[in-house]
Amino acid sequence: VCLKKEKSKKSKKALLIFISVVIVIAVAVATANFFSVQNLLEKGNSYSKIEFENQLVPEKDENGNWYFTTDGDFKVMQLTDIHIGGGFMSRDVDEKALNAVAAMVMREKPDLVIATGDIAFPVPYTAGTFNNHSGAKAFANLMESLGVYWDVTFGNHDAEAYSYFDRKAMGEFYESEEFKYCLFQSGPEDVDGYGNHTIEVKNSKGIITQA
């Protein structure tokens, strides 16, 4: 009986120690991620606004779709797989990704930037987080700071099954009035998925030249 009680006490003690270690690790990771995200968001806000000679400003048509009007050239920059982890393990590479995007956009001064998937990359073993909102927010802060019109389409990493936020939630995030330059629209309810929308380019006669 005494041996059984001793074993039971040791088992409970070992379990308590294990639980305590897990809690300490979880708190440490959460704290590291919190400060890393704050620094990343501040980094996104740190860029200066681009000075355009004549920046094209989009409007909405009668159906609520965005369009630009120009009789000249229209420059679109496509970015893909930016892979902003948004966690403490990817802090350095995330800042480099933001710097790279900023350098390209400032150099080219496009009329529209479209990020075609995988802005976020919240893969736990590389970023240390499941939070797909952090990377998206950092990118949004960057584009708003630069003052360039931008849009996104979703890739698999933007809303993984294990991520905190699904595509519907991320679509609502990008549609927020907080982002003056973001042209993202979730799209019609009768079409499956989120992000089904068009952006047209028309000439001064109202004829669509690009879509």
Touching a Gly at 6+ places or on another chain (Cβ under 8 Å), at pLDDT 95 or above and open to solvent by less than 60 Å² (accessible area, probe 1.4 Å): does that describe PHE139? yes
In the set VAL148, VAL76, the lone residue that is aliphatic (A, V, I, L, M), crowded, with 21+ Cβ neighbours inside 10 Å and over 19 Å from TYR194 (Cβ atoms) is VAL148
Checked region 185-199 for anything touching a strand residue (DSSP E or B) at 6+ places or on another chain (Cβ under 9 Å) and under 13 Å from ALA169 (Cα atoms); matches are GLN185, GLY195
Being open to solvent by 100 Å² or more (accessible area, probe 1.4 Å) and farther than 28 Å from ILE119 by Cα narrows LYS12, LYS49, LYS60 down to just LYS12
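Yes/no per residue for (1) at negative phi; (2) touching a Lys or Arg at 6+ places or on another chain (Cβ under 9 Å); (3) touching a residue at least 40 places away in the same chain (Cβ under 8 Å); (4) of a type in the set (Gly, Ala, Ser):
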| residue | (1), (2), (3), (4) |
| --- | --- |
| VAL93 | yes, no, no, no |
| ALA102 | yes, no, yes, yes |
| ASP118 | no, no, yes, no |
| ASN141 | yes, yes, yes, no |
| MET170 | yes, no, no, no |
| PHE173 | yes, yes, yes, no |
| PHE179 | yes, no, no, no |
| GLU189 | yes, no, no, no |
| ILE207 | yes, no, no, no |
Inside region 32-75, the number of residues satisfying the requirement of being assigned to a loop (DSSP other than H, G, I, E, B) and among the basic types (Lys, Arg) is 2
Within region 155-211, restricting to residues that are in a helix (DSSP H, G or I) and among the hydrophobic types (A, V, I, L, M, F, W, C), the one that is surrounded by the fewest Cβ atoms within 10 Å (Cβ to Cβ) is ALA169
Filtering region 137-157 for residues that are under 15 Å from ASN33 (Cβ atoms) and in contact with a strand residue (DSSP E or B) (Cβ under 7 Å, 6 or more places away or on another chain) leaves a count of 1
If we keep only residues of region 82-109 that are open to solvent by 80 Å² or more (accessible area, probe 1.4 Å) and acidic (Asp, Glu), then the residue farthest from ASN39 (Cα to Cα) is GLU108
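The values are calculated or read from the model by the stated rules, or taken from the named source; none is laboratory data. Since we're looking at a predicted model, the values are computed, not measured. Heads up, the Cβs are rebuilt from the backbone with ideal geometry, glycines too, and the neighbour counts pull from every protein chain shown. Ligands, DNA and RNA are stripped out before the accessible areas are found, and what is left, the full protein with its side chains, is counted by its heavy atoms. Shrake-Rupley method; radii C 1.70, N 1.55, O 1.52, S 1.80 Å.
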